[in-house]
Amino acid sequence: MSAELPTGEVIGGAPAAGATGPTRTPLVGGNPGWAGERGDFSHLSEADIRGDSYVGRRPLDGGVGGAVCSMPYQLAAKEPDAPLFEGPYAERAEKIIARYPDKRGALLPLLNLAEEVRGYVGPDAMARVAEILGLSPAYVRGVATFYTMYNRQPVGRYLVQVCTNVACNLCGGDEVLQAFLEHLDVEPGVTTPDGNFTVMEVECLGACGFPVAVQINSRYFENVTPEDVPAIVAGLVAGEDSSDAADGSGAGAGASTAGGAPRRAGAGSSSGAPADEA
Amino acid sequence: MAYPFRHEKETRILSEYFGDPEARTLDGWKKRGGYQALRKAIEMGRDAVIEEVKASGLRGRGGAGFPTGVKWSFMPKEKTGPSYLLVNSDESEPGAFKDRELIRWTPHQLIEGALIGAYAIQADHVYIYVRGEFFEPAQVVARAIEEAYQNGLAGKNILGTGIDIDVTLHLGAGAYICGEETALMNSLEGRRGQPRVKPPFPAVSGAFGRPTTINNVETLCAVPHIINKGAAWYRGFGTEKSPGTKLFNVSGHVVRRGNYEFPLGFPMHELLYDVCGGIRDGRKLKAVIPGGSSVPILAAEECDINLDYESVIAAGSMLGTASVIVMDDRTCMVKQVRRMVEFYAHESCGQCTPCREGTAWVAKIMRRIEAGLGTEADLEKLVDLSTNMTGTTICVLSDSCAAPVMSSLKKFKDDYLGHIHHGACPVAAAAVA
Amino acid sequence: MAITGQGTSAGSDAAGAAAPPPQDLVNCTINGVAVSVPKGTRIIEAAEAAGIGIPYYCYHPGLSAPAMCRMCLVEIEGAPKLQPACVTVVGEGQSILTESAKARAAREGNLEFYLLNHPLDCPICDKAGECKLQDYTHAEGRKHGRVVEPKRVLNQDDFGGDVLYEGDRCIMCTRCVRFMREIAGNDALCVVQRGNRSVIDTFFDEGLDGDLWAGNIIDICPVGALLSKDFLHKARAWDLDRSPSICPNCSQGCNVYVDSRDNLIMRLRPRPNPEVNSYWMCEEGRLEYEWYNRANVPTGTIGMADTIGGGPNPTGRCERPMVRDAQGRLQAATWHDAVVALVQRLGGLRGENGVLAVASPAHANEDVALLHRLAQVLGGGDAVFRVRTAPSEVVCPGFPKLARRRELAANGRGLRAVGFRRVGDDAGAGGLDELTTAGKIILVLGDALADVPETFGADAALFVYLGSEPGPAVRNADFILPVTNFVEQEGTFTNFEGRVQRFWPALEPPPLARPAWQVLGVVLAGLDDGPAPADAASAFLRAAELYEAFGGLSYEVIGGRGALLNEPVQLGAGAAEGA
């Protein structure tokens, strides 16, 4: 379980000392707005609810059995030109193909992997997947463009997807979307000049009991109000671990990243800093 | 207890362990009685399992309400090759958020139910299709599948019985239509997620051309309990035609939104006003959509009903996924219906012309009406179009688009007329006043 | 009936097929008409057999049926929902209604949806006049549109090859996508996006260039979304005359329609034949028709009247009989004079030094049979033909009976069947040098002799050229007789597998041109060899009398679907190659 990341990224925590350029820190957990409505379960931490410690660190090669097809989202940031299906991902692709009686069945999982690594599915990714599965590139294009989640172009580091469908709409979905757009001063679907944010409106995210639901990369932020927006954005930009202070649980244990996977510092560790693992 | 609020009246069967982080682990689940039902089911034998589920009266919880035991009995008795059980966790219906809780709190409950179902119908492989946006709960399921494999509960020689059942997690990529059973099969097969013409039916030719059964997450989560405690016990809850419990996912303008598990037939008024704390801000109820955006809207005066399949049909709507969306009197029906119709237009797969063109056109008309540029002739057009979009397509997405339009035109015409005659939303104007 | 590959080769479909046993029949009524069809027949096929039309877009008898256009919805009495006729199998005792109020209302509503975003391009759309959207809307659609919102606008997209895509007009029937998957076998088209944003495209810029079968999607597109660049804005559908014919460009013998206007061929389209080409034809055949348009001939060339005093005009069309006079000059002559003179000369030379007969594989069985007969009557000799041949054949993946064959002419097999042998190279040239011409009677039919030296035939006893275009070598011809080419006459071709298929004239020939079988028949009659056939059917019967391969065949037997020759597969020399 110690596969090297294709891009040599460090998951989680502070950037390496002395690093220059845009920081590659992933999203970190905690308030504001992750799922503020915990109702009668206020003793639970965010990690408890998301199941971070249970999930642990999903291996890049997919792990065992039918788990191989889930996305790792280990990578802190997408590289639009990253190599596809190399290293542990190559092995994973083989394992995925083996789960289906017809190679074609592996199409969505492989496209998911390509999206995971590159942040979007472009013509060369489609052609590559087509080649691996023995399908025509046009066919793969037809399938890839059918599904909303395959971005056709690279998006910002944080893809902010605001649900404005009816249950969230009743509770201010349009206003939250407006708040993001205004705060980031950007049009829907357009990436901010610094490359950090793309905001878009999406359909029901399946978190209707916690309106307004916003999905940022792989992570759900729930019970978001327009007032929460500046803090959410600031938290993403800073990459600070504000979970301890804001959610009151004081644990910060296994606080998840919006990259989805918990930090490499290990499941359930109480320390927030992963520097020893780097 | 459901999530995130618990109510003492609830019947905790599926949602017992919501809020209990240990319950999602294999050890934790076993400690709580997990996987005994699987063992028992294998000892009972396939036919006995199917009979038990039939006798329990369990109905599909994905919206259609088709009796699960009967569905399982459609699978061929003679096995001529591979066959599959597909778990529909594509939960994309606006208003539905129960399956997400089930898979992130009790993934092993689902896996156990799926294994029992697969065993009963002689399926070799369970594919759990989780919508792509559910990345986080999917990771939980992935880990649970891994635990199952590592502990002899899935894969080869389950529990030493010589039975082989594989379990694979398959993630979707953002398409509501993939929640339709044949579209899900197409999506699983690596195709565009477009529904198929039936016949052939899935039990004859489904995923990869093989006999297939598809069940919803909530349906399968009930199965271990039915096996453990028996059909008669299950029938002790709910009504005669709608036995068992249901997770009611309540959203919208109530004080305490969330999932609540009650026996079917639970009164809607009690759910809204007692369990959920009533309408927020002390407002009045205007409308309720009892089963997710695809079912007709009920006006407030039609809401004093019991929430079971038959009663909701009698009231002119459908229970569907029991996704209760509550709207108070500050809600503009035109705006909400417009948003719903835009959803259907966005999600239409595009195969059938009435849906592909009709949903988009209805969306355009609704936008015009909302912007104050509509006429009464538009209302007649909407009724006409909705009629043409109902019953003429391969799947019922266009029917689902027509349902809120027709029901809102019938029951909330004043909202429309306000936009038409005054060029502005009557509700918004009233709210300001 | 839909083509299921079960038709017989003799005559019409039903005639030779045995009736299915009664217990395998299903009885139903369609619009009150009792219909009895084999079990498993779909409603749409049953209706067609009963002469009842059901509209459809996405269904095509040569492709899979996705039941998505929803035009073919019919009412089955007792069933709550309308059913798509293209996939629903007829049930015993059903009463099927295609014109009930419900069915009509569904079609009217559906047609309104089709027109929602459809640009009203009819005035500039090539498909007008043969467009199913026009036809159905005119028959059953709403009289007035109700759309006030702007229509979605898509772009024109050049798919490469001959195909132009007009996205606005597309009704998303996906026939083209399914064709490329199931018949062309390369899955080169896809539907991009979903819902109202759907559009057809290739893999980005990849295009359809080089695909031999892609042109068929133009035919099967029910509307003007897929257009032929070759045919773009060339002619209106209602101006076209349609004549059934056979594609002359290889030995497959695809059945075609020749669409012409103003005596020019505007385009070819495939004609269905389950034994030969299904519903398809290849691009090389489809786009190669200019060579038999007279328009290619420079205008103002009225035969070779201006050749008096000089050699024959090397360009242009043979338009009148020409006879070389004693001074060696070609003079125009009437048919009567030309034939009388020819018969006289031939009679005198009969049996002396033999004959060299050179035929063209673009000429009909009737023509070449009588040419061979003439050669024999005159004492026999060499009977040869040249033909262009491709290095390999290209089989249609989805219908392997169909291929672009190696031999790039229609009637090589027919020539071989009557005793011609192939000479020359794969470019269709050469092969004549080894054959002596000195003192012989040279009979050339159709071969333009473009590659022979200037002196070819100069030492012949008599050189007769029957053709439509004179090549340079006819400078030595004694008789130049204008004949029709295949598109101007009735006749038959024999394809690579020995199937004799009829074709009918599509164009008017030059006024004085005659079918070669007619000319040769008269000449033979002049030489006391049988009566001259009065029509093509008689000419064919004469060929059948004379040549065993055609024995027993006649135009009645051949019918519209063709009939196989009597001879075994293996023929004489020259048959092994090409074909």
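Every read-out reported here was derived from the displayed coordinates using simple, explicitly stated rules and does not represent laboratory data. Keep in mind that what you see is a predicted model, and the values were worked out from it rather than measured. As a convention, Cβ positions derive from the backbone with ideal geometry for all residues, glycine included, and neighbour counts pool all protein chains shown.
Some points to look at:
- Footprinting exposure proxy for B:L102, C:L564 (fewest neighbouring C-beta atoms within 10 Å first): C:L564, B:L102
- Around the Cα centre of the protein assembly as shown, unit charges on the Cβ atoms of Lys, Arg, Asp and Glu (plus for the first two, minus for the last two) sum to a dipole of about 1860 debye.
- Debye, to nearest 20: dipole size of segment A:108-161, +1 on Lys, Arg Cβ, -1 on Asp, Glu Cβ: 120
- Here the Karplus relation 6.51 cos²θ - 1.76 cosθ + 1.60, evaluated at θ = phi - 60°, turns the backbone of segment A:168-185 into coupling constants of 6, 4, 5, 10, x, x, 4, 5, 5, 4, 4, 4, 5, 5, 6, 5, 8, 6 Hz, with x for every Gly and Pro.
- A protection proxy built from the mean count of other Cβ atoms within 10 Å ranks the segments C:136-143, C:260-267, C:121-128, most packed first, as C:260-267, C:121-128, C:136-143.
- Only beta bridges with both residues in chain C are counted; by DSSP, about 65 percent of them are antiparallel.
- Flagged links, alpha-carbon separation over 19 Å, of B:K410/C:K151; B:K54/B:K246; B:K335/B:K411; C:K229/C:K401; B:K241/C:K81; B:K198/C:K81: B:K410/C:K151; C:K229/C:K401; B:K241/C:K81
- Extreme residue, positive dipole direction of chain C, given options C:L546, C:I220, C:F113 (C-beta unit charges): C:F113
- Peptide C:143-155, shielding by other chains (average Cβ, 10 Å cutoff): 2
- Using θ = phi - 60° in the Karplus curve 6.51 cos²θ - 1.76 cosθ + 1.60, the 3J(HN,Hα) couplings for segment C:283-292 round to 5, 5, x, 4, 9, 9, 10, 4, 5, 10 Hz; x is entered for Gly and Pro.
- In plain terms, the residue of B:K156, C:K234 with the fewest other Cβ atoms within 10 Å comes first and the most crowded comes last, giving B:K156, C:K234.
- Neighbour count of at most 14 Cβ within 10 Å plus DSSP loop: longest GluC sites (Glu not before Pro)-free window in chain B: B:241-433
- Given charges at Cβ of Lys, Arg, Asp, Glu: segment A:79-146 dipole, positive-most of A:A82, A:L111, A:Y100: A:Y100
- Applied to segment B:379-386, the Karplus parametrisation 6.51 cos²θ - 1.76 cosθ + 1.60 on θ = phi - 60° returns per-residue 3J(HN,Hα) values of 5, 4, 4, 4, 5, 4, 4, 4 Hz, with x for Gly and Pro.
- Looking at the protein assembly as shown alone, DSSP beta bridges between its own residues are antiparallel in about 60 percent of cases.
- Prolate is the label for the protein assembly as shown, because the ratio a/c of its alpha-carbon gyration tensor axes (a ≥ b ≥ c) is 1.5 or higher and a/b is greater than b/c.
- Put simply, the amide H of B:L307, placed in the peptide plane, has neighbours under 5 Å in B:G265, B:F266, B:M268, leaving out anything fewer than 5 places away on its chain.
- Per-peptide packing, taken as the mean over residues of other Cβ atoms within 10 Å, places C:181-190, B:324-333 in the sequence B:324-333, C:181-190 from highest down.
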